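Below you'll find the structure I mean.
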Amino acid sequence: MNLNNSTTFIITSLGIFLSQAFFAQHKEDSRSYISGNVQAIAQYYNADSLINAADPDHKMGMNSFANINFRKGNFSAGTRFESYLNPLEGYPVGFKGSGIGYRYASWKNDDVEITVGNFYEQFGSGMILRIWESRQLGIDNALDGIKLKYNPYKGVYLKGLIGKQRFRFDDGLKNGDGLVRGLDGEVNLNELLDSTFDNSKFKITLGGSFVSKYNNDNATPDFIMPHNVGAYGGRIIARYGKVRFYGEYITKENDPYPDPSAPKFNYLYKNGEAVLLNLGYSTKGFSVDFNAKHQDNMLWRSTNVSALPTDLLIGYSPALSKQHTYALASTLYPYSPNARGEIAYQLDVLYKIPKKSKLGGKYGWDLGLNIATAYAPQRTFINDDSTSRKMYSTSIFSASDSLFFRDINFSIGKKINKKLKLKLQYLNFIFDDRVQLVAKHHELIMADIVVADLTWKVNKKNSIKYQVQHLSTLQDQGNWAFGQIEYAYSPHWFVAVLDQWNYGNTIKEQQIHYLLATAGYIKGSNRFTLQYGRQRAGVFCVGGVCRQVPASNGLTFSFTSSF
Amino acid sequence: MTLLNKTIIGFAFLTLFVSACDRIENPVIIHDTSLDWTLYPNDTTVSPYPWPTWTANTNTLRNVLLEDYTGHTCINCPSAAVVAKTIEDNNPNRVFVMSVHASTTSGYQVPELPHLPLDHRTEAGNEYAQVFNVFFNPAGTVNRTLTGGNYYALNSAWTSMTATELSKPLDFNIQLQYNYYPQTNGLFIHTEVEALSDAAADQYTIINCLVRDTVIAPQIIPGGTVEEEYHHHSMLTNNINGTWGTPIFEGGVSSGQKEYNNFTYKLPDPIADTTFRIDNLSIITFISKNDTYEVMQVIKTSLN
């Protein structure tokens, strides 16, 4: 079936859905609701050559957006106004100007939900399709088209979508040329077979997805490019009492991208493959989760030309690692899944020594252990560069001895008394900088981090938070020390001062203090924050998706509100 | 909406999506400017050229090229041709006869009117006769190996020489695929050569010869009479990529290495000369060692 036929078919099918849905509508809640939220971050940049600080000509950057949503009965609509005047330094290129970046209208009844315009969506774990946004990261791959959710029978959930992805923002939304088409189905057997399974401790849901893209962006004279590329797979979600299991398998057909830095991955026509497994157990005061992932050649964009790391992504690579919150652990050597493939494992254990027990004392202890590791897949390379270009073969969960990343961390949380709460954490990293290219200095970085975090609730209104962190490494920039003190006067005010000191840098001039002062005011849903000082270069990550943040020196103002 | 309608729509969606995949088995576009693209009758932007897909070559046996240097006025040549054909028939797909109408003097090849008007000589055949010093007919070469210091041998020696060659280990494997376009008489030839042993210091070429399987034409036979409808077998007609072929593995060769080559050739009009009907044509492809001319491996591909 060619594209024109496909599109005609989709429109016809959607028409059938829409007509059925609208004929079936009935009156419900007729009240109108308007809601929204606003965020603005502005930064004034000072020159600071010592830290190689960002110093743009325009001196000031500002990112802001406002979501406004309307709902009446089963109908809802909304828009997001965005403004990047100019975008903050380090924010991905492709965001500039002011205008409407997102707009949608949606209608639903008992069986059908239809969204036209922009929308986000996820199938399964997101490996086959994750349409999402993170304004902090500067990622927004919203689809612009039409989405249907349909519940034809109890326990059966279908989703269908078609659209183009957001690519750029230039005084308004600019979509990429590629077309994304997706279908996802889930069957909850307990709901479907309620007479048999209704009261069973065993809960099971089966799912399957098919996503295809169409693009002819890449007109390379060297290779025959597939214009329609499909990915498909299935998943199982099961639970028995306190034990839960998630398993998903996805495969993606030939989907070559330019990768001139690595000939064996350049215009690779091998099918991609991903397996994600999770086994967990949780009960009061104890939980354990084990995750395993095999992923190979699963870069999945709606364009086949070179693009920035977060541009036009259809699929998502789940990061099997803990997302750390302490500054030295989260922004110096953060883990981001390897786009070419990896075998990754994670074990996460939480245990609370019960309060009023012999070991736990009056308040108990919170213990946490997390181990995460990732290796390159074992690849057997073949010599077919001038023919089929499959380039290599792999086996499921067959890892090489090439370590990408390892993180072993242990935390202890203890409420000492009614006023004092202490958290201690130790982290041990091995980080292959050739893979992530974060530090860009060394091949293998080994780092130990210790953190102490003490909260002192002086009284009902006043509290003070102390935090010290230390990172020691013989590689990259050497040792770091971090100290922070934060005072909060509830419920409106807080001030904080922090210093990050790269005292272990082998270059004496680079043994710099990054001193930063913060003050904030909160009232209701409004929050104002001012920051002044130096911010070091680092990497900011959410769920394994990262962006580089340049060093800066200056004044930052941020405002958030919701209504 | 009835359950049936819902099911039909669901399956229709599924069918739509599953059909939306382009599977590319052989994606490399080969930029071979030496190819004559005027012989490809289609618009490549609409109908891309169907480059071949290669499968593993499982052959383990060394074949033999038996070149029968002959002439249409050579009385003894028909009996030598029978010897050659018998060896070929006794070793199907292992021995390939190529009848080369040539000698150093061309004494038996020149046309003689009125009964022998045709000239079966080729430029390549003439050069081979000079280089291999084939000064008489009938004479033959067997994989172009030396015997008694000569490339040529009497037909009485061909059987034993062939047996010797057939027992040698295989150093190269060859595969050939082709596309023929009758609109243009265009022939696109694609070869894969795989090295099965290391031979870093040696130089090789690949040679493609067009042969006509049967040419019915006059020939002097024993007794001195002219047989008007003599069946000439596997007659060398032209060299598709030159007398001495195309160099391969120029940077040295190691076991497992593969090289791909592509050739185009405009076949003579089969209406003007019916011996050029596609079902009467074959390509003999062989690997020749540069310094000794030894044929390392040979295959024959019928175009019918």
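The values are calculated or read from the model by the stated rules, or taken from the named source; none is laboratory data. Worth saying up front: this structure is predicted, and the values here are computed from it rather than measured. Ideal geometry is used to build each Cβ from the backbone, glycine not excepted, and the neighbour counts take in all protein chains shown.
Tally up the residues in region A:252-283 that are closer than 13 Å to residue A:299 by Cβ, among the hydroxyl-bearing types (Ser, Thr, Tyr) and within 26 Å of the chain's Cα centre (by Cα), please.
1
I've got another one for you. When region A:381-415 is examined, which residues are found to be within 14 Å of chain B (Cβ to nearest Cβ) and either in a loop (DSSP other than H, G, I, E, B) or free of Cβ contacts under 8 Å to residues at least 60 places away in the same chain (or both)? Let's see the steps before the verdict.
The initial filter retains those residues of region A:381-415 that are within 14 Å of chain B (Cβ to nearest Cβ), namely A:381-391.
The answer is A:382, A:383, A:384, A:385, A:386, A:387, A:388, A:389, A:390, A:391.
Select from region B:211-258 the residues that are assigned to a loop (DSSP other than H, G, I, E, B), more than 14 Å from chain A (Cβ to nearest Cβ) and among the hydrophobic types (A, V, I, L, M, F, W, C) and list them in ascending order.
Initially, region B:211-258 is screened for residues assigned to a loop (DSSP other than H, G, I, E, B), giving B:221-225, B:240-245, B:249-257.
Now restrict to residues that are more than 14 Å from chain A (Cβ to nearest Cβ): B:221-225, B:240-245, B:250-252.
Matches in region B:211-258: B:221, B:240, B:244.
Hey, another quick one. Quick test of your reading of the structure: residue B:253 fulfils all but one of (1) more than 22 Å from residue B:129 (Cβ to Cβ); (2) touching a residue at least 60 places away in the same chain (Cβ under 8 Å). Name the failing condition by number.
(2)
Quick check on my filter: what residues within region A:464-483 are among the polar types (S, T, N, Q) and either at pLDDT below 95 or closer than 26 Å to residue A:433 by Cα (or both)?
Within region A:464-483, A:469, A:472, A:473, A:475, A:477, A:479 qualify.
Do you know which residues across region A:169-190 are in a strand (DSSP E or B) and in contact with a helix residue (DSSP H, G or I) (Cβ under 7 Å, 6 or more places away or on another chain)?
Selection gives A:181, A:183.
Right, another one. Please go through region B:268-304 and pick out each residue that is free of Cβ contacts under 8 Å to residues at least 60 places away in the same chain and either in contact with a Pro (Cβ under 9 Å, 6 or more places away or on another chain) or not hydroxyl-bearing (Ser, Thr, Tyr) (or both).
Correct list: B:271, B:272, B:273, B:277, B:279, B:304.
What's the number of the condition residue A:212 fails, among (1) in a loop (DSSP other than H, G, I, E, B); (2) in contact with a strand residue (DSSP E or B) (Cβ under 9 Å, 6 or more places away or on another chain); (3) among the small types (Gly, Ala, Ser)?
(1)
Taking the condition within 14 Å of chain A (Cβ to nearest Cβ), crowded, with 18+ Cβ neighbours inside 10 Å and aliphatic (A, V, I, L, M), does residue B:95 pass?
no
Has region A:268-278 got any residue that is in contact with a Phe, Trp or Tyr (Cβ under 6 Å, 6 or more places away or on another chain), in a loop (DSSP other than H, G, I, E, B) and over 23 Å from residue A:139 (Cα atoms)?
So the first thing to find is which residues in region A:268-278 are in contact with a Phe, Trp or Tyr (Cβ under 6 Å, 6 or more places away or on another chain), and the list is A:275, A:278.
If we keep only those that are in a loop (DSSP other than H, G, I, E, B) as well, we get none.
No, region A:268-278 has no match at all.
Please determine, by comparing only the residues of region A:175-204 that are among the small types (Gly, Ala, Ser) and away from chain B (no Cβ under 14 Å), which one is surrounded by the fewest Cβ atoms within 10 Å (Cβ to Cβ).
A:195
Still on this structure, please answer the following. Could you tell me whether any residue of region A:108-117 is within 30 Å of residue A:197 (Cα to Cα) and without any contact (Cβ under 8 Å) to a residue 40 or more places away in the chain?
yes
Counting only residues that are within 14 Å of another protein chain (Cβ to nearest Cβ) and farther than 16 Å from residue A:317 by Cα, which one in region A:115-152 is surrounded by the most Cβ atoms within 10 Å (Cβ to Cβ)?
Taking the candidates together, the pick is A:147.
Going through region A:212-231 one residue at a time, which ones are of a type outside the set (S, T, N, Q) and facing chain B (nearest Cβ under 8 Å)? Steps first, answer last, please.
Start the filter on region A:212-231 by keeping residues that are of a type outside the set (S, T, N, Q), which leaves A:213-214, A:217, A:219, A:221-227, A:229-231.
Those that are of a type outside the set (S, T, N, Q) and facing chain B (nearest Cβ under 8 Å): A:214, A:221, A:222, A:223, A:224, A:225, A:226, A:227, A:229, A:230.
Here's a follow-up. Any idea how many residues of region A:128-159 are touching a residue at least 40 places away in the same chain (Cβ under 8 Å), over 30 Å from residue A:540 (Cβ atoms) and not hydroxyl-bearing (Ser, Thr, Tyr)?
The qualifying residues number 6.
Determine whether region A:520-532 contains at least one residue that is loosely packed, with under 14 Cβ neighbours inside 10 Å and either at positive phi or not in a strand (DSSP E or B) (or both).
Yes, because at least one residue in region A:520-532 is loosely packed, with under 14 Cβ neighbours inside 10 Å and either at positive phi or not in a strand (DSSP E or B) (or both).
Here's a follow-up. Can you tell me which residue among A:240, A:326, A:281, A:246 is away from every other protein chain (no Cβ under 14 Å) and closer than 19 Å to residue A:336 by Cα? Even if it seems obvious, please write down each step before you answer.
Working: A:240 fails: closer than 19 Å to residue A:336 by Cα; A:281 fails: closer than 19 Å to residue A:336 by Cα; A:246 fails: closer than 19 Å to residue A:336 by Cα.
So the residue among A:240, A:326, A:281, A:246 that is away from every other protein chain (no Cβ under 14 Å) and closer than 19 Å to residue A:336 by Cα is A:326.
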